[in-house]
Amino acid sequence: MSKRIFIAQPLRATLMLLLCLALAVVAATGGSYWLRLASTAAMYVVLASSWNIVGGFTGYPSFATAAFFGLGAYVAAIAQTRGLPMAASWVAAGLFTAACAFALGLALLRLKGHYFAVGSLVVAEVLREIMAAGGTLTGGGMGLNLPLLSMAPQAIGRLYLAAFAVLAVASVLLSWAVLRSRFGAGLACIEQNEDAAVMLGVNTTLYKSAALALSALLAGLAGAVYANWINYIDPGDVFNVLLSVKPIVMALLGGIGTLTGPVIGAVGLVGLEEIVTRSFLDLTGVVLGLAVVALVLFLPHGVNGLAFMGRSLKGRQP
Amino acid sequence: MALAQVLLNGLLLGGIYACIGAGFSIVWGVVNIINILHGSFIVLGAYGAFFAHQHLGLHPFMAMLPLAGLGYLLGQGLQRHLIRHVMAAKVLVTLTLTFGLNLLLNNLMIYAFSADFRKVVLPNQEPLVLAGLTLPMDRLLSMLAAAGVVLATHLLVTRTMLGRSIVAVRMDPQAATLMGVDVDRTFAITFGLGTALAIVAGAILSPIFPISPTAADSYLGKAFIVCVLGGLGSLPGVLAGGIVLGLVESLGAFYLGPDHSLTLSFGLLLLFLLLRPQGLLGRKGFE
Amino acid sequence: MKLRILTALLSLSLLAGTAGAQAVIRIGAPLPMTGGLSPEGQRLKQGHDLWAETVNKAGGILVGRNRHKVEMVYADYQSNTPRAVQLADKLITQDKVDYIFSPFGSGATKAVSAVTEKNEVPNIAATASSVEVFNQGHKYIFGLFTPNDSLTEPLAELARARLPAGARVAVLARNDLFPSALAAELEKSARKRGFQLVYNEKYAIGAMDHSGTLVQVKAARPDWLVVTGYTNDVILVRKQMQDAGLSAALVTMVIGPSYREFTESIGALAEGVTSAVWWHPVARYTGQDVFGSTEKYVAAFRQKYGTDPDYANAVGSLAGSVLQAAIEKAGTTERKAVRDQLARMNLNTFFGPVAFDANGMVNSYVPPVFQIQGGRSVVVYPASIATGTLK
């Protein structure tokens, strides 16, 4: 387990520092466009880290990130349309989503492998349909509008970047805390061999659900902030399957189960997508598809593979 | 009487859903790959039938056979040269790979054909009216074609040597190797078969549903549900799953209103996953 | 790639065509060029391009004493609303466009209007007709489609002329912003005329089968059946109506029948279907805009693209005409001045008369109602441009 934190630590630490620096620069001087791009990157850091807790640390390939993101967005939006102030609605969104995830996890996490993947994927679909059929409470198919903040556009941009950045830092810190804790050790046992973990006395049901709840807390908070950021949500947008898949690709890219992997992967993929969109317009989807395929075929260990070509990694599970 | 009509509609729909699910089930059940490309393959098959109809005047049911052949080659090639390399990796990796491939194929289709909806326009046929029930001719024919394809595949799997090696590999790949079955080759053939089935499904559906790359996700969703409901790797299971889904949707729309029908089908999927993941007729295993 | 080349070519042609002219007026248009909405995106783009080309050929927009050429700056948001918001922001703050033409549809328009309002950029919304988009208190957005009730009122009126009071109405709507909003308005219009609403449901986006629903509808024995959705939805429903043996004295479908695909896909089944739309090529408007009259517009479109324009093309061009008129009246390209001119606009155009209400929605023309007769669309209302009568 210590391997995960300390792989290429100097390199990764430098990278993290550089990213923080870039973030500070953008926050201080960036125009609206850069603020938006940085906010998107920070949001995905949160989502990728969130996924990493369930998918990386615990070994359960969750496709439910979109479900929690969307749920968080809707709780925040509904709360605000009923008069709750923004910050309070964010907290409510995070907690509610985490609670739901915990309860859901008790049932869902009994599935393994493909079945778990499919089940987690379907949760987002079911939630989307429920929101779409929700009439005036959820806005139904027409979506919900959130109030605009009455501040200058630049200031608004900075505010949201700050919010996402705080969440991003929090998610990395949370992951770090988990990794160093007994809880994290338990999760690692589950990831390696769940039956053995049970025999060792790990309360796997509780641990797995807690991991899912933590993951959902982060994703739900991200969704809540997102709702206010864009000022308009509808079922198709916030429960989009890409919100589940992209964080996974990011974690794969940066290195599953590591602390800084999701960060590197998130920033990397968001940057890549931006470059691709600017250069390829019509063929963006095609190029992205190619990139994902290439990633999976040639870099199954993410950037770790690049950094350690020639070094034997046979000991590590694929 | 209305209820009888609803049930009939459900059955017709069920046959169509079974066809959509067949290729997906075989690949998932035997090769243990969730093929996200499945929906896009169906759309590709539909486009094939559309162009065959437009430029060669071929009826989709005729174009089906050559298209199936092409589909088989495509699938087999894909598995042998790309997917095979990640088969040993975790579930996650193969899923992500097929997801990436799907992104590629789907966007290529949008680029090549545009997202405009096309339709294979066959001469309009009046529905058949029997005992107060209306039977839409096009759906009936498609359903019969679908049932035929599923049956033919079932015979292939149970009666031929190839089929037996597929079943053997499904039950126990290591034992199968010991018995002299070339597992790699079988995987490639199975994937090819799954792709061919998807292409054929697309051709069968082309006169009924509008054709566009954006429909791929709906087809994939149905395939998922059919497989989980019916059980993996078993063609009778696919038929069972399809029919159950068709009936549930039809009855659901009738009693609860159309806006809840998708919720109902996905909810059912979730329920089955949690309570009976092997589906109605499947065998436990393939986690 | 194509868009880039196009904008480059446009810029080059502008440079080549100007001799000592000053700044170019740049208009940002985030459009869905790929993804599910790409056909609509393409239609809007064709409309925008035709206007840009026409106005540049005439020398450009008159600002005070100079003529400024026009440059369209497109960005593809891949039918993904959050991306549309991001691109609108980029177009304004990075590419420094002067004005914005909204993306397609009420949802994306609503989302982007927050950005243009924040930045105080005049935003012409070509394709949003739902009041929910315009009642946010935004001052910089102007919509070119009349509100949904302007479609439903004439439809209900015609139905009332055909059917007795107390007639049974069934409404089937797609669970999406515009189709649902339209259905809600239709319900009001129908009830106002004493119709009985016997069925009123929404179907899921992406529904592949309506057979169960239609059995229910049939059981309700409607005299007037109204279906809202997009082209592929209404095609499927119409086909399945036949399968279900469902027929009604009057069948109305919005949107869909305006497009060629509708009649081509279902042939004889399209016969008799009525629909309402915001513009029809058989209209005979004359105007002071750069196109001059409906006939001239249709001819220009045919010459450039080889087919007749539909309402989506036309409203794309109208966005340009309206913006041009506002700039020319203001005598400056300064955003607030242009915005004020838009607010008090009163202009006759090839599309019809254009004037906006307090919320920025146009309320000055009467959308035509048409019916498919003999495989072609025949306008039956208003009388001023009708080419036939309701059968």
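Would you mind stating whether B:A201 is in contact (Cβ under 8 Å) with a residue 40 or more places away in the chain, within 14 Å of chain C (Cβ to nearest Cβ) and part of a helix (DSSP H, G or I)? The answer is yes for B:A201. Only one of the numbered conditions (1) part of a helix (DSSP H, G or I); (2) among the hydrophobic types (A, V, I, L, M, F, W, C); (3) closer than 19 Å to A:F239 by Cβ is not met by A:I53, and that is (3). Considering only region B:170-204, state which residues are in contact with a Phe, Trp or Tyr (Cβ under 9 Å, 6 or more places away or on another chain), farther than 22 Å from B:L103 by Cα and modelled with pLDDT of 80 or more. Answer for region B:170-204, where residues must be in contact with a Phe, Trp or Tyr (Cβ under 9 Å, 6 or more places away or on another chain), farther than 22 Å from B:L103 by Cα and modelled with pLDDT of 80 or more: B:I189, B:I204.
The one condition from (1) within 30 Å of A:G139 (Cβ to Cβ); (2) buried (at least 23 other Cβ atoms within 10 Å of the Cβ); (3) more than 14 Å from chain B (Cβ to nearest Cβ) that A:I264 does not meet is (1). When the residues of region C:207-222 are filtered to those that are outside any helix (DSSP H, G or I), within 14 Å of chain B (Cβ to nearest Cβ) and at pLDDT 85 or above, the one that is surrounded by the fewest Cβ atoms within 10 Å (Cβ to Cβ) is C:R221. On the stretch given as region C:115-131, residues that are within 12 Å of chain A (Cβ to nearest Cβ), touching a residue at least 40 places away in the same chain (Cβ under 8 Å) and crowded, with 19+ Cβ neighbours inside 10 Å total 2.
If you check C:A88 against the conditions, is it surrounded by 21 or more Cβ atoms within 10 Å (Cβ to Cβ), outside any helix (DSSP H, G or I), at pLDDT 90 or above and touching a Phe, Trp or Tyr at 6+ places or on another chain (Cβ under 9 Å)? Here the answer is no, as C:A88 does not meet what is asked. Checked against the criteria, B:V226 counts as in contact with a Gly (Cβ under 6 Å, 6 or more places away or on another chain) and either crowded, with 24+ Cβ neighbours inside 10 Å or of a type in the set (K, R) (or both). How about region C:367-377: which of its residues are surrounded by 20 or more Cβ atoms within 10 Å (Cβ to Cβ) and modelled with pLDDT under 90? Scanning region C:367-377 gives a single hit, C:S377.
Put simply, of B:G75, B:G71, B:G57, B:G132 the only residue that is touching a residue at least 12 places away in the same chain (Cβ under 8 Å), more than 11 Å from chain A (Cβ to nearest Cβ), farther than 17 Å from B:I199 by Cα and among the small types (G, A, S) is B:G132. When only residues in region A:235-256 that are part of a loop (DSSP other than H, G, I, E, B) and surrounded by 24 or more Cβ atoms within 10 Å (Cβ to Cβ) count, which is farthest from the other protein chains (Cβ to nearest Cβ)? If we take residues in region A:235-256 being part of a loop (DSSP other than H, G, I, E, B) and surrounded by 24 or more Cβ atoms within 10 Å (Cβ to Cβ), then A:G255 is farthest from the other protein chains (Cβ to nearest Cβ). Selection of first residues in region A:27-49 that are within 11 Å of chain C (Cβ to nearest Cβ) and surrounded by fewer than 23 Cβ atoms within 10 Å (Cβ to Cβ) and of second residues that are of a type in the set (S, T, N, Q) and outside any helix (DSSP H, G or I), restricted to Cβ pairs under 8 Å at least 6 apart or on distinct chains, gives the following pairs, ordered by first then second residue: A:G31/C:Q94; A:S32/C:Q94; A:Y33/C:Q94. Annotation for region C:368-386: at least one member residue is among the hydroxyl-bearing types (S, T, Y) and over 19 Å from the mean Cα position of the chain (by Cα). The criterion of at least 2 residues that are farther than 21 Å from B:I20 by Cα is met by the following helices (runs of 4 or more DSSP H) wholly inside region B:100-184: B:161-171, B:173-178.
Matching residues to (1) more than 14 Å from chain B (Cβ to nearest Cβ); (2) surrounded by 24 or more Cβ atoms within 10 Å (Cβ to Cβ):
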site: C:R174; (1), (2): no, yes
site: C:L177; (1), (2): yes, yes
site: C:A183; (1), (2): no, yes
site: C:E187; (1), (2): yes, no
site: C:G194; (1), (2): yes, no
site: C:N200; (1), (2): no, no
site: C:I205; (1), (2): no, no
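Does region A:217-225 contain any residue that is assigned to a loop (DSSP other than H, G, I, E, B) and farther than 28 Å from A:A291 by Cβ? Checked region A:217-225: no residue is assigned to a loop (DSSP other than H, G, I, E, B) and farther than 28 Å from A:A291 by Cβ.
Count of region B:259-285 residues, restricted to those that are surrounded by fewer than 20 Cβ atoms within 10 Å (Cβ to Cβ), more than 18 Å from B:L13 (Cα to Cα) and either more than 7 Å from every other protein chain (Cβ to nearest Cβ) or of a type in the set (V, I, T) (or both), is 9.
Select from region B:229-258 the residues that are crowded, with 24+ Cβ neighbours inside 10 Å and within 14 Å of chain C (Cβ to nearest Cβ) and list them in ascending order. Across region B:229-258, the qualifying residues are B:G242, B:L245, B:G246, B:E249, B:S250, B:A253, B:F254, B:P258.
Does A:A79 satisfy the criteria of being buried (at least 17 other Cβ atoms within 10 Å of the Cβ), more than 16 Å from A:Y160 (Cβ to Cβ) and free of Cβ contacts under 8 Å to residues at least 24 places away in the same chain? It is true that A:A79 is buried (at least 17 other Cβ atoms within 10 Å of the Cβ), more than 16 Å from A:Y160 (Cβ to Cβ) and free of Cβ contacts under 8 Å to residues at least 24 places away in the same chain.
Taken together, the residues in region A:131-188 that are under 24 Å from C:S106 (Cβ atoms), crowded, with 16+ Cβ neighbours inside 10 Å and more than 10 Å from chain C (Cβ to nearest Cβ) amount to 4. Give the residue that is nearest to B:L135 (Cα to Cα), with candidates limited to residues of region C:234-274 that are in a helix (DSSP H, G or I) and within 18 Å of the chain's Cα centre (by Cα). This residue is C:V234.
Restricting the search to region A:269-291, which residues are small (G, A, S), more than 8 Å from chain B (Cβ to nearest Cβ) and either closer than 12 Å to C:Q78 by Cα or in contact (Cβ under 8 Å) with a residue 24 or more places away in the chain (or both)?
Of everything in region A:269-291, just one residue is small (G, A, S), more than 8 Å from chain B (Cβ to nearest Cβ) and either closer than 12 Å to C:Q78 by Cα or in contact (Cβ under 8 Å) with a residue 24 or more places away in the chain (or both), namely A:G271.
Residues that are among the charged types (D, E, K, R) and at the interface with chain B (Cβ under 7 Å from one of its Cβ atoms) were ranked within region A:101-125; the one that is nearest to B:K222 (Cα to Cα) is A:E125.
The values are calculated or read from the model by the stated rules, or taken from the named source; none is laboratory data. Keep in mind that this is a model prediction, so the values were computed, not measured. Counting neighbours? That spans all protein chains shown, and the Cβs are built from the backbone with ideal geometry, glycine included.
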